[in-house]
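What follows draws every value from the coordinates through simple rules; no lab data is involved. Every value quoted in this text rests on a predicted model; they were computed, and no experiment measured them. Every residue, glycine as well, gets a Cβ built from its backbone with ideal geometry; the counts of neighbours run over all protein chains shown.
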Amino acid sequence: MRLEGIHHITAITGDAPRNVDFYARILGLRLVKKTVNQDDPSVYHLFYADEDGSPGADLTFFEYPGAHVGRAGQGMVHTVAWRVADTAALDFWEQRLAAEETATERTDAGLGFADPEGLRHELLVADVPDAPLIADHPEVPREVAIQGFDAVRAYNARPERSVDLLTDVLGFRPLPDEPDAYEARGSARGGTYAYDPPPADRGLQGAGTVHHVAWSAGLDEIDAWQERVAEAGGRPTPVIDRFYFRSVYFREPSGVLFELATRGPGFAVDEDPERLGESVALPPFLEHRREEIERTLTPLPSPRSRD
Ligand code: ZN
């Protein structure tokens, strides 16, 4: 039983229309699900991913309209790292983002930038055997497209406090060539979790910050993971049915909220795979409130509407 890297990452936006524009139009991800926050159905939960809505490429946002911009601090994820094929892809994105007036910086192995609300991303040329997870976009050739997650980086002043949970309980392996970095790798995919020293200022949850990171678990293994985390004193929630996957939540010792989420049943469970994300999808327990819910939601462009 091993976790296969990052399943999804969930962040916060205060401006859903601009969020759709940035991730679906500029970055070329596919809006695969437009649903609501199951704990607060008056606001969206937007899911961007590759063409198939795969675990490993799924960035999601809770929408809190008009939310103040937050900032990452101790116990918060500060950077989402994605894979691209090569340096030609970095060149492509450097030019495409410049044309959209988004500032970028070349880093050792990649290209850094932030979304309109300050959520930091990095594109990395990754040397991994994992299948690329790519969305189709008319302006983004497949050779240079974003290929799914490589890593998340969090702030942690006391990384030693998290080591036992990460390694003994969750099965992450320390990366040999980078301090305070751990890989969760299963038979098909892997992903990295890395720590950096926090800034002096306290973090503030808000627009442009990450709410939680989910690690990818086998569909039949979620109960066993829940028990394993509980036995280790990790205080997980019960297994929760999120309709598109089943989930367990707990905070790792730094304060970062972790979720373990199952690979499946997936986003095609309630929509035609050809038309994912085009209309508001509601889990069955909210379907009877559809009219009221749709009335309160922010109107959004449908990036692939064929109507
Ligand atoms: Zn989640």
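Listed conditions (1) buried (at least 24 other Cβ atoms within 10 Å of the Cβ); (2) within 16 Å of the ligand (Cβ to nearest atom) are all met by Glu4, apart from (1). Considering only the stretch 230-247, state which residues are of a type in the set (A, V, I, L, M, F, W, C) and either away from the ligand (no atom under 16 Å from the Cβ) or more than 19 Å from His8 (Cα to Cα) (or both). Selection gives Ala230, Ala232.
Out of the residues in the stretch 14-42 that are touching a residue at least 40 places away in the same chain (Cβ under 8 Å) and within 15 Å of the ligand (Cβ to nearest atom), which is surrounded by the most Cβ atoms within 10 Å (Cβ to Cβ)? The selected residue is Val32.
Take the residues of the stretch 191-204 that are touching a Lys or Arg at 6+ places or on another chain (Cβ under 9 Å) and touching a residue at least 60 places away in the same chain (Cβ under 8 Å): which is nearest to the ligand (Cβ to nearest atom)? Please lay out each step first, then the result.
First, pick out the residues of the stretch 191-204 that are touching a Lys or Arg at 6+ places or on another chain (Cβ under 9 Å): 191-196, 199, 201-204.
Then drop every residue that is not touching a residue at least 60 places away in the same chain (Cβ under 8 Å), which leaves 191-192, 196, 199, 201-204.
Working: Gly191: 15, Thr192: 18, Asp196: 23, Pro199: 25, Asp201: 26, Arg202: 24, Gly203: 19, Leu204: 20 Å.
Filtering the stretch 191-204 for residues that are touching a Lys or Arg at 6+ places or on another chain (Cβ under 9 Å) and touching a residue at least 60 places away in the same chain (Cβ under 8 Å), the one nearest to the ligand (Cβ to nearest atom) comes out as Gly191.
Name the residues in the stretch 119-133 that are under 15 Å from the mean Cα position of the chain (by Cα) and part of a loop (DSSP other than H, G, I, E, B), would you?
Leu119, Leu133
Just checking, does the stretch 286-304 include any residue being of a type in the set (D, E, K, R), touching a Leu at 6+ places or on another chain (Cβ under 8 Å) and crowded, with 19+ Cβ neighbours inside 10 Å? It would help to see each step written out before you state the result.
Residues of the stretch 286-304 of a type in the set (D, E, K, R): 287, 289-292, 294-295, 304.
Adding the requirement that they be touching a Leu at 6+ places or on another chain (Cβ under 8 Å) leaves 289-290, 304.
Pick out the ones that are also crowded, with 19+ Cβ neighbours inside 10 Å and you get none.
Within the stretch 286-304 (the criterion being of a type in the set (D, E, K, R), touching a Leu at 6+ places or on another chain (Cβ under 8 Å) and crowded, with 19+ Cβ neighbours inside 10 Å), the answer is no, since none of the residues qualifies.
In the set Asp168, Asp177, Asp164, only one residue is among the charged types (D, E, K, R) and part of a loop (DSSP other than H, G, I, E, B); that residue is Asp177. All told, Gln226 falls short of being surrounded by fewer than 19 Cβ atoms within 10 Å (Cβ to Cβ), within 16 Å of the ligand (Cβ to nearest atom) and touching a residue at least 12 places away in the same chain (Cβ under 8 Å). A single member of Leu59, Leu27, Leu46 is within 28 Å of Val169 (Cα to Cα) and out of contact with any helix residue (DSSP H, G or I) (no Cβ under 6 Å at 6 or more places or on another chain), and it is Leu59. Against the numbered list (1) surrounded by 13 or more Cβ atoms within 10 Å (Cβ to Cβ); (2) touching a residue at least 24 places away in the same chain (Cβ under 8 Å); (3) at negative phi, Asp136 comes up short only at (1). For the stretch 276-285, which positions are over 23 Å from Arg18 (Cβ atoms) and surrounded by 13 or more Cβ atoms within 10 Å (Cβ to Cβ)? Hits for the stretch 276-285 are Leu282, Pro283.
Out of Gly56, Gly66, Gly75, Gly70, report the one residue that is under 19 Å from Leu119 (Cβ atoms), surrounded by fewer than 24 Cβ atoms within 10 Å (Cβ to Cβ) and touching a Lys or Arg at 6+ places or on another chain (Cβ under 9 Å). It would help to see each step written out before you state the result.
Details: Gly56 fails: surrounded by fewer than 24 Cβ atoms within 10 Å (Cβ to Cβ); Gly66 fails: touching a Lys or Arg at 6+ places or on another chain (Cβ under 9 Å); Gly70 fails: touching a Lys or Arg at 6+ places or on another chain (Cβ under 9 Å).
Being under 19 Å from Leu119 (Cβ atoms), surrounded by fewer than 24 Cβ atoms within 10 Å (Cβ to Cβ) and touching a Lys or Arg at 6+ places or on another chain (Cβ under 9 Å) holds for just one of Gly56, Gly66, Gly75, Gly70, which is Gly75.
Arg106 satisfies every condition listed in (1) in contact with a strand residue (DSSP E or B) (Cβ under 7 Å, 6 or more places away or on another chain); (2) closer than 26 Å to Asp201 by Cα except (1).
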